[in-house]
Amino acid sequence: MLKSLLGAAAALSMLGVVACSQGPNEEAGEAADINYEQSTTGTTDLGQGPNEEAGEALDEATDGAPAGTTTTPPATTTP
């Protein structure tokens, strides 16, 4: 009984880790928030800041592609 309970707890904890993965834009936003907080207040707030939230929205909109990455070719002009 104890082994099955421990196994279920381990499986649930692994599921939580997988669900909390961050995309590249969210990670960059989090780093920007931390650097801003460190430079202005000298402390770090572990909650989500505005840059991290914007990065998360960008990750959702671009399916996790890093900012600046595009799938469309550049426009060509003829002289």
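Before moving on, here are some points about what is shown:
- Test: residue in segment 47-60 that is at negative phi, of a type in the set (A, V, I, L, M, F, W, C) and modelled with pLDDT under 80: no
- Close pairs from segment 52-64: first closer than 19 Å to residue 33 by Cα, partner among the charged types (D, E, K, R) and surrounded by fewer than 16 Cβ atoms within 10 Å (Cβ to Cβ), Cβ under 9 Å, at least 6 apart: none
- Taken over segment 54-68, the criterion of being charged (D, E, K, R) and surrounded by 12 or more Cβ atoms within 10 Å (Cβ to Cβ) is satisfied by 56, 59, 60.
- Filter result (surrounded by 10 or more Cβ atoms within 10 Å (Cβ to Cβ) and aliphatic (A, V, I, L, M)) within segment 34-53: 34
The values are calculated or read from the model by the stated rules, or taken from the named source; none is laboratory data. This one's a predicted model, so the numbers in the text were calculated from it and none came from an experiment. Positions of Cβ are backbone-derived with ideal geometry, glycine not excepted, and every protein chain shown enters the neighbour counts.
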